[in-house]
Amino acid sequence: MHDGFLLLGFALAFVLLFRRLGLGATLGYLVAGAMLGPFVLNMVGEAEQKLGFAELGITLLLFLVGLELDPAKLWKMKRDILGFGLLQVSICGLALAGAIMLTTSFSPAAALALGLPLALSSTAQVLPMLQSSGRLKTRFGERAFSILLFQDLSIIPLITIITALSRNPADVGGPPGWLLALETVAAIAGLVAAGRFLIRPLFRLIGNLGEREMFIVAALFTVMAAGAVMELLGLSTALGAFIAGVMLADSPYRHELEADVEPFRSILLGLFFLAVGMMLDLGAIARDPLFVIAMALMLITVKAAVMFGLARLFGVPWRGALALGLLLSQGGEFGFVLFAQANHALLIAPEAASLFGAVVTLSMATTPFLMMATRRFRAEPVPKTAATREGPSNDGANALIVGYGRFGQAVGQVLQAGGITVTLIDTDVDMIDVAGTFGAKVYFGDGTRIDMLRQAGAAEAEMILFCIDGDQLDAAMLAAVHESFPRAAVFVRVFDRRAVIKLRGAPVTLIMRETFESAIAMARAALDNAGLSNEAITRAENLFRARDGERLALQVEAGDPRVARDRILTAPEPQELEGEPG
């Protein structure tokens, strides 16, 4: 409790401060961790243990990213993953190894064991920055993610290279590289099969039971099981979680999983950066500050330059190439793992691992400053004729429909007929399956939850339409929706006038009683069958609408459905039938 109190308290204070200064949350966590660590206040110990636990945050982050990418979309990114990513890791790693060998007394093997890990960037830092800026789903964000994904895939080859260079006799009997590659392919294939034939039926069963807490348990179980399988084989746990996410990306349960996992991801990722800050060896920096600063500058310069050149080679405009190079210029969290591996292989001393760990941490701290300092140069010029209309992004739907029963289906089809893109959410698993047979993609989830609506894209949507049955909404909930998503017009379907009274004061655009318009339509047909003229039918409809509107307004004001009984239309007065009602 003591450590938790201090960690959360310092994190809260420094993240709020650094957010206020526009420096980003990551730097706030790093500074908070450094302050708590053994080299400053020494108030919290065992940073290594906390780092091991907090790495689950990276695993959850990759799972959420995987949920955003179905296999078809991932296949479209293959050129960036296998082309751009491979060239970036190879060229940056060799360039950094050469620079270390030329500027220090490290042997070629040691320089390679240090340079290759430095080629990796921080997934835990870059992806939240892309998410917070709204660029993760853009072409720029996809290219950055492709590089990060290949870096995660490259961890196994890098471990194999370090093992091959090892001077430790204990590594001689280790498995050969080709066997590790086969194990990796087999593990990925096994996770794909498990996702298809085990995990999806499990979520369908839980959906039928309607137990939300079991969804959370099952989501965390899926992530940890995928990571554990990879860890058992000596592979990246984050890669296993990513594959599990991809396998569930095109399932109806995607948004529910995102909403359930996101809070755990945010907390654990913050704890990860706190632990990294605690491990920052300020003593090593103090003993040789010029070396650490010079190496961090060299790391940033080499990676940014190589990335810029590769981006231009792949047809990226110079502004985007500069942004990509600076965004990925830092060292990554997996560098700590590979430095420890190199130390175990007797390629570098523990002091060198600590020193280059400080270099990685310092480079991570510079990224927010670099992105802020170069914003003017990186920003694309806005054409004078460019439209300034506010609206949803191209990646999101224009409307969210919560509830896809008979009412929601009709609303959704009319909207789509009018060219409005929709995202559909419901909790009825059987209905979701049936809708899928007719080509409708309905996501499983509770659309009355703010976090679920946010995951489904409510922040970018123009409309949120609640088409759910029964008495599930209240004015406070709708007020929270309006406050969270003020740009979206809210439409609500209710059962009867009692529900309208219950929602009085709610900030909504329209409340529609589900049988009101259909009853009027049927009455018009009956009057037509009775031989009335179209003018008389319209007059009767307008009279009813006026009387009912007056009565409903009085009932809502009083909060009582029993008032204004005198406004119930029975036999109208002759003068009411002769002209339009007032």
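The values are calculated or read from the model by the stated rules, or taken from the named source; none is laboratory data. Keep in mind that what you see is a predicted model, and the values were worked out from it rather than measured. Glycine gets a Cβ as well: all are built from the backbone with ideal geometry, and neighbour counts include every protein chain shown. We work out accessible area using only protein heavy atoms, side chains counted, and drop any ligands, DNA or RNA first. Shrake-Rupley method; radii C 1.70, N 1.55, O 1.52, S 1.80 Å.
Among the residues of region 486-521 satisfying the criterion of being under 20 Å from residue 554 (Cα atoms) and among the aromatic types (Phe, Trp, Tyr), which is surrounded by the most Cβ atoms within 10 Å (Cβ to Cβ)?
Step by step, filter region 486-521, then rank; the result is 516.
Being touching an Asp or Glu at 6+ places or on another chain (Cβ under 9 Å), open to solvent by less than 50 Å² (accessible area, probe 1.4 Å) and not basic (Lys, Arg) is the requirement here; does residue 444 meet it?
Values: touching an Asp or Glu at 6+ places or on another chain (Cβ under 9 Å): yes; open to solvent by less than 50 Å² (accessible area, probe 1.4 Å): yes; not basic (Lys, Arg): yes.
Criteria met by residue 444.
Take the residues in region 157-182 that are aliphatic (A, V, I, L, M) and under 13 Å from residue 346 (Cβ atoms); name whichever of them is modelled with the lowest pLDDT.
By that ranking, first place goes to 172.
Examine region 429-439 for a residue that is under 25 Å from the mean Cα position of the chain (by Cα) and among the hydroxyl-bearing types (Ser, Thr, Tyr), and state whether such a residue exists.
Of region 429-439, the ones under 25 Å from the mean Cα position of the chain (by Cα) are 429, 432, 436.
From what's left, among the hydroxyl-bearing types (Ser, Thr, Tyr): none.
No, that holds for no residue.
Out of the residues in region 5-37 meeting the condition of being in contact (Cβ under 8 Å) with a residue 24 or more places away in the chain and outside any helix (DSSP H, G or I), tell me which one is most open to solvent (accessible area, probe 1.4 Å).
Residue satisfying both the conditions and the ranking: 22.
Looking at region 334-363 only, could you name the residues that are β-branched (Val, Ile, Thr) and part of a helix (DSSP H, G or I)?
Correct list: 337, 359, 360, 361.
Considering only residues that are within 12 Å of the chain's Cα centre (by Cα) and open to solvent by 40 Å² or more (accessible area, probe 1.4 Å), which ones fall in region 447-460?
451, 454, 455
Is it fair to say residue 481 is modelled with pLDDT of 80 or more, among the β-branched types (Val, Ile, Thr), open to solvent by less than 10 Å² (accessible area, probe 1.4 Å) and touching a Pro at 6+ places or on another chain (Cβ under 8 Å)?
no
Matching residues to (1) surrounded by fewer than 19 Cβ atoms within 10 Å (Cβ to Cβ); (2) closer than 20 Å to residue 136 by Cβ:
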site: 333; (1), (2): no, yes
site: 337; (1), (2): yes, no
site: 347; (1), (2): no, no
site: 355; (1), (2): no, no
site: 361; (1), (2): no, no
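Pairs under 8 Å by beta carbon, first residue over 13 Å from residue 563 (Cα atoms) and part of a helix (DSSP H, G or I) in region 540-552, partner open to solvent by 30 Å² or more (accessible area, probe 1.4 Å) and β-branched (Val, Ile, Thr), six or more apart or different chains?
547/568
Just give me the residues in region 363-380 being of a type outside the set (D, E, K, R), free of Cβ contacts under 8 Å to residues at least 60 places away in the same chain and open to solvent by 60 Å² or more (accessible area, probe 1.4 Å), in sequence order.
Once the filter is applied, which keeps residues that are of a type outside the set (D, E, K, R), free of Cβ contacts under 8 Å to residues at least 60 places away in the same chain and open to solvent by 60 Å² or more (accessible area, probe 1.4 Å), region 363-380 yields 373, 377.
Test residue 163 against the criterion of being β-branched (Val, Ile, Thr), out of contact with any strand residue (DSSP E or B) (no Cβ under 7 Å at 6 or more places or on another chain), open to solvent by 10 Å² or more (accessible area, probe 1.4 Å) and under 19 Å from residue 303 (Cα atoms), and give yes or no.
no
Would you please list the contacts, defined by Cβ atoms under 6 Å and residues six or more apart or on different chains, that run from a residue in region 232-243 that is farther than 8 Å from residue 63 by Cα and open to solvent by 40 Å² or more (accessible area, probe 1.4 Å) to a residue that is modelled with pLDDT of 75 or more and assigned to a helix (DSSP H, G or I)?
So the pair list comes out as 233/187; 237/59; 237/227; 237/230; 237/231.
Could you please give the count of residues in region 438-491 that are free of Cβ contacts under 8 Å to residues at least 60 places away in the same chain, over 17 Å from residue 503 (Cα atoms) and among the β-branched types (Val, Ile, Thr)?
Going through region 438-491 one residue at a time, the tally reaches 1.
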